[in-house]
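The values are calculated or read from the model by the stated rules, or taken from the named source; none is laboratory data. As the structure is a prediction and not an experimental result, all values here were calculated from the model. Glycine gets a Cβ as well: all are built from the backbone with ideal geometry, and neighbour counts include every protein chain shown.
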Amino acid sequence: MTQKARKNPVSEKKTSFRGLWYILFFLILFGLCGWGFHYYQNFFQPNVTTGDKPSTFIYIHTGTDFPAVKNLLSAHHFIRDMKSFEWVAQKKKYDIRVRPGRYKICDGMNNNELVNLLRSGKQEPVRLILQNVRTPEELAGKIAAQVEGDSISILNLLHDPGYLREFGAGPATVFTLFIPNTYEFLWNTTADKFIRRMYKERQKFWNDERLTMMSHEGLDIPGVVTLASILEKETAKNTEKPVIAGVYMNRLRKGWPLQADPTLIFAWNDYTIKRVLSKHKEINSLYNTYKYTGLPPGPICLPSVSSIDAVLNYEKHAYMYFCAKDDLSGYHNFAVTLAEHNRNAERYQAALKRLNIH
């Protein structure tokens, strides 16, 4: 008989122990893979939707906290899975440091991209066009429609003599602080920062060349801008602006009243007036340039750069009068004498009567 081989207890224990390690290793590996997949999903799986548009903008106001940001994203249905967004935001500490601004988000962004964008404060600037503004109220409304600063805050500064004094202006001359143009701003610009930026732009506009031309004519910036604002409302024809500016300069030098109809419309604060009549000339206002000589207290609108430069480059001539042409083209006839002017005016009045324009 052969002797039966005896089992080695030590060897069996080693084999069993090794098996347990394999099982533990695969469990850990499986867990790591599961955690990695979960991590990947939370960070890198597309989670932003912008509906039927490839991109859109979100506006995060100053003082907004993280719960409010979540509410904003949820209310507009920009996030598919809010829990994963919140998890990534917490991992990247965005939940404790929300930055206000206007952000462009794209359809299909993942949580990592969205949080990085919002955390960075990298905003899409807004393009603000300043032109065709009649009143500070209208200006405040245009600004507030493009930036976070509200119209009341902006208007309060535009009417504050103490605040405006820092910039060498007052409520009547506030339009001297602004140069019509297209500007880029961050959306969360405050009213104060907006005005300070505009003042810097104004300082750049009034370069040495413009200042020299102005001083040669004995004018200052408020005077140039005020006269330019009258030109702005007298004609839309840039080629005529230097000629009309020359008429007004001749009247100023001779001490004549400017007799500018646009200033009466401003004084009445009635922009529906199409024809200035005798009754309109009776208003007791420093903007009534039929009653008072010299320039009115300040600009009657925000004049274009073409009107400002027309004043600085006004045409030197002998004309003292001008009247709209009877062809109603928007151009004017100019005259040296009152008799000549009256003939031009009669033709124009006759043209209006023919068309039943009152």
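From the list Pro136, Pro125, the lone residue that is touching an Asp or Glu at 6+ places or on another chain (Cβ under 6 Å), modelled with pLDDT under 95 and of a type outside the set (Phe, Trp, Tyr) is Pro125. A count restricted to the stretch 320-342 and to residues that are out of contact with any His (no Cβ under 9 Å at 6 or more places or on another chain) and surrounded by 20 or more Cβ atoms within 10 Å (Cβ to Cβ) stands at 1.
All of (1) surrounded by fewer than 15 Cβ atoms within 10 Å (Cβ to Cβ); (2) without any contact (Cβ under 8 Å) to a residue 60 or more places away in the chain; (3) outside the structural domain of Lys91 (by TED's automatic domain parsing); (4) not hydroxyl-bearing (Ser, Thr, Tyr) hold for Lys104 with one exception: (3).
Going residue by residue through the stretch 230-239, is there one that turns out to be under 30 Å from the mean Cα position of the chain (by Cα), surrounded by 18 or more Cβ atoms within 10 Å (Cβ to Cβ) and of a type in the set (Gly, Ala, Ser)? For the stretch 230-239, residues under 30 Å from the mean Cα position of the chain (by Cα), surrounded by 18 or more Cβ atoms within 10 Å (Cβ to Cβ) and of a type in the set (Gly, Ala, Ser): absent.
Is it fair to say Asp309 is farther than 14 Å from Lys233 by Cα, surrounded by 16 or more Cβ atoms within 10 Å (Cβ to Cβ) and acidic (Asp, Glu)?
Working: farther than 14 Å from Lys233 by Cα: yes; surrounded by 16 or more Cβ atoms within 10 Å (Cβ to Cβ): yes; acidic (Asp, Glu): yes.
So Asp309 passes the test.
Of the helices (runs of 4 or more DSSP H) that lie entirely inside the stretch 246-358, those containing 1 or more residues that are under 18 Å from Ser229 (Cα atoms) span 261-268, 305-312.
For the stretch 272-297, residues that are touching a residue at least 24 places away in the same chain (Cβ under 8 Å), surrounded by fewer than 21 Cβ atoms within 10 Å (Cβ to Cβ) and within 34 Å of the chain's Cα centre (by Cα) total 4.
Answer yes if at least one residue in the stretch 93-101 is assigned to a helix (DSSP H, G or I) and in contact with a Lys or Arg (Cβ under 6 Å, 6 or more places away or on another chain), and no otherwise. Scanning the stretch 93-101 turns up at least one residue that is assigned to a helix (DSSP H, G or I) and in contact with a Lys or Arg (Cβ under 6 Å, 6 or more places away or on another chain).
Looking only at residues of the stretch 150-179 that are closer than 15 Å to Pro297 by Cβ and of a type in the set (Val, Ile, Thr), we find that the one that is farthest from the chain's Cα centre (by Cα) is Thr173.
Each residue in the stretch 163-191 was checked for being within 17 Å of Leu130 (Cα to Cα) and either among the charged types (D, E, K, R) or assigned by TED's automatic domain parsing to the domain that holds Gly298 (or both), and 1 of them qualify.
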